[in-house]
Amino acid sequence: MKQISTRVHNLQPSPTVALTDKTRVLKSQGLDIISFGAGEPDFATPSHITEAAVASLRSGFTHYVSSRGVSDLLDAIASHLRSANGISIEPTKEIIVTAGSKIAIYMSLMGLLDPGDEVLVLDPAWVSFDPMIRLASGTPVHVALDWRKNFRLEEKVIEAHVSPSTKAIILNSPNNPTGQMLSLDELKIIEKLANKHDFYIISDEIYDRITYDGAENISPASLPGLKPRTLTTNGFSKAYAMTGWRLGFVAGSQELISQILRVQQHVVTCATSFVQAAGVAALNGPQEPLEDMMVEYRKRRAFIVDALNDMPGVTCPVPAGAFYVFPRFEGLSLSSQELANRLLEESLVATTPGSAFGQAGEGHLRLSFACSLEDIETGMARMQKFLSRENH
Ligand code: GLU
């Protein structure tokens, strides 16, 4: 038989999704795994959101809807973007509701790239940016940020990776895996470079509602100098604990959005009809459930950061947003992949190796604290024991 697609064959499976699947299997075999792997809130979807979808289903809202999205949801997203992100958007022309925010990023790349176009990826970067760029026939260009400089952006480092083929940069703030958030000064660097070298911005803001100590997400599209060239993607999975619902959106100029709409029409038609009713309830309904989740995340963040910093050879910065910590491990003669493997096999603790987020993440592990405080306590005790053994 003929060779199947080499482009797909050459892709690695998603380390985060594969780890989640593996952990699920190990747990089903009765192993007492503590999972810091999946970036998935452990909370139930708030009931008013679920009820809105059930009511929509019962009313027979089960057919195709507009490819752009249901108008109530487009309006809700536009007003949310205005009030929370400072982005003024025309709901009927500048937004597409998507089946999750992953496909919003992927379709944005499909809409922007021609073969050979380069896309800047700031490492450590979420595991799927690179494969998505390749699938969309682009070339990822990795910009390694330095942990010694707290992974902050530097103009000269980014500019050294820009070429005439640079078509876009992907930003992700709050960041997965580091929990860092881009400052206004850093966005000004992006603005300067994007305008000087004429490239687009895809801004993945999936964690924008999960921030700590008053840190505020600054959306690139809220800067007038970036707005025309920015696609903002976001979704409902993290803020509203709706990972399985698959609901997200992309917002940008009419020209960019109409290009992406062609992709959506051919590959998905529309996001699931009754799930969009849930999205309206999420954005327009009470926000207390999100605040309740934040109360828990704050406690968990404080505990896990302290516990990790107490371990021998471990330095764990305090994340400004999202629900990940990205500690650095010194003095071990293990790669992050080996460390993650051994922690899973010997201590039954699942973590994601830093190298999954690019070479700049080597020496680190990513731990998601979207799990119970009790699990965090048990997991930290196991890691402490493992590291004390290894360091002797
Ligand atoms: N985004 C989450 C993570 O990084 C969920 C899995 C995935 O989509 O990669 O763990």
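The values are calculated or read from the model by the stated rules, or taken from the named source; none is laboratory data. Keep in mind it's a predicted model, so treat the numbers as computed, not measured. Backbone-built Cβ (ideal geometry, glycine too); neighbour counts: all protein chains shown. Calculation scope for accessible area: heavy atoms of the full protein, side chains included, ligands and nucleic acids excluded. Shrake-Rupley method; radii C 1.70, N 1.55, O 1.52, S 1.80 Å.
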Here the residues of the stretch 83-106 lying in the modelled label zone of Asp72, meaning backbone nitrogen under 20 Å from a point 7 Å along Cα-to-Cβ, are 91-93, 95-100
Whole-percent tail of the Cα-Cα distance distribution for the stretch 251-295, cut at 14 Å, equals 68 percent
Under the Karplus relation with 6.51, -1.76 and 1.60 and θ = phi - 60°, whole-Hz ³J(HN,Hα) for the stretch 48-60, x at Gly and Pro, equal 5, 6, 4, 4, 4, 5, 4, 4, 5, 4, 5, 7, x
With no solvent term and unit scatterers on the alpha-carbon positions of the stretch 37-195, Debye gives log₁₀ I(q)/I(0) at q = 0.13 Å⁻¹ of -0.82
With x for Gly and Pro, the residue-by-residue ³J(HN,Hα) of the stretch 343-354, computed from phi through the Karplus equation 6.51 cos²θ - 1.76 cosθ + 1.60 at θ = phi - 60° and given in whole Hz, is 4, 5, 6, 8, 10, 6, 10, 9, 9, 9, x, x
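Rounded to the nearest 5, what is the percent of antiparallel bridges among the DSSP beta bridges in the chain?
Numbers: 16 of 37 bridges.
The antiparallel proportion sits near 45 percent.
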With a ≥ b ≥ c from the Cα gyration tensor eigenvalues, square-rooted, and the rule rounded for a/c under 1.5, otherwise prolate when a/b > b/c and oblate otherwise, the stretch 188-275 is oblate
In whole angstrom, the spacing between the Cα centers of the stretch 225-289 and the stretch 84-132 equals 11 Å
What the 20 Å binned alpha carbon P(r) of the chain shows, as percent of pairs per bin from 0, is 28, 58, 14, 0
Zone reached by a paramagnetic label modelled 7 Å from Glu90 Cα along Cα→Cβ, restricted to the stretch 235-265 with backbone N below 13 Å, covers 252-258
Listed by chain and number, the residues whose amide H is under 5 Å from that of Ile87, excluding neighbours fewer than 5 places away on the same chain and using placed H, are Arg82
For the stretch 222-340, whose charge dipole is built from +1 on Lys and Arg Cβ atoms and -1 on Asp and Glu Cβ atoms, the candidate among Ile304, Val280, Ala251 with its Cα farthest towards the positive end is Ala251
In this structure, the FRET efficiency calculated for Ser79 and Ser137 from their beta-carbon separation, with R0 = 35 Å, to the nearest 0.05, is 0.45
Plugging the Cβ-Cβ distance of Thr6 and Ser163 into 1/(1 + (r/R0)^6) at R0 = 25 Å yields, to the nearest 0.05, a FRET efficiency of 0.50
Here the alpha-carbon Rg of the stretch 57-120 over 2.2 N^0.38 Å rounds to 1.38
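Of all alpha-carbon pairs in the stretch 316-389, indicate the percentage at a distance above 16 angstrom.
Values: 1308 of 2701 pairs.
In whole percent, the share of Cα-Cα pairs in the stretch 316-389 beyond 16 Å is 48.
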Under a 1.4 Å probe, counting only protein heavy atoms, Glu255 has an accessible area in Å², nearest 10, of 140 Å²
Among the stretch 37-71, those whose backbone N falls under 17 Å of a label point 7 Å along Cα→Cβ from Lys27 are 37-45
Spelling it out for Val141: with amide H atoms placed in the peptide plane at 1.01 Å from N, the residues 5 or more places away or on another chain with amide H under 5 Å from its amide H are Val119, Leu120, Val121
One would report the Cα pair-distance distribution of the stretch 28-75, bin width 5 Å, in %, as 4, 13, 13, 18, 13, 13, 9, 9, 7, 1
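Taking only DSSP H segments of four or more residues, each worth -39500 (n - 2.57), what value at 222 nm results for the chain once the sum is divided by all its residues, to the nearest 500 deg cm²/dmol?
Numbers: 13 runs with 161 residues, N = 392.
The helix contribution divided over the chain gives -13000 deg cm²/dmol.
Run the numbers for Val318 and Gln287: contour at 0.36 nm per residue of separation, minus the present Cα-Cα distance, in nm.
Gain on stretching Val318 to Gln287: 8.6 nm.
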Taking only the alpha-carbon atoms of the stretch 1-100, the convex hull volume per residue, in cubic angstrom, is 259 Å³
Taking 233-242, 71-80 and ranking on average Cβ neighbours within 10 Å, highest first, one gets 233-242, 71-80
Between Val17 and Asp306, the FRET efficiency computed from the C-beta separation at R0 = 30 Å comes out, to the nearest 0.05, as 0.50
As straight-line cross-link partners of Lys385, the qualifying lysines (C-alpha separation under 24 Å, not fewer than 8 residues apart within one chain) are Lys22, Lys27, Lys299
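Dipole magnitude of the chain about its Cα centre, charges +1 at Lys/Arg Cβ and -1 at Asp/Glu Cβ only, in debye to the nearest 20? Kindly include the intermediate steps, with their values, before the conclusion.
Working: 35 positive and 43 negative charges, 150 e Å.
That gives the chain a dipole magnitude of about 720 debye.
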Under 5 Å from the placed amide H of Thr166, counting only residues 5+ away or on other chains, we find Glu118
The distance between the Cα centres of the stretch 368-392 and the stretch 1-59, in whole Å, is 23 Å
As straight-line cross-link partners of Lys149, the qualifying lysines (C-alpha separation under 20 Å, not fewer than 8 residues apart within one chain) are Lys188
Along the dipole axis of the stretch 1-142 (charges at Cβ: +1 for Lys and Arg, -1 for Asp and Glu; origin at the Cα centre), the most positive-end residue among Thr50, Leu74, Gln29 is Gln29
With the charge dipole of the chain built from beta-carbon charges (+1 for Lys and Arg, -1 for Asp and Glu) about the Cα centre, the Cα from Ala340, Gly361, Pro115 projecting farthest to the positive end belongs to Pro115
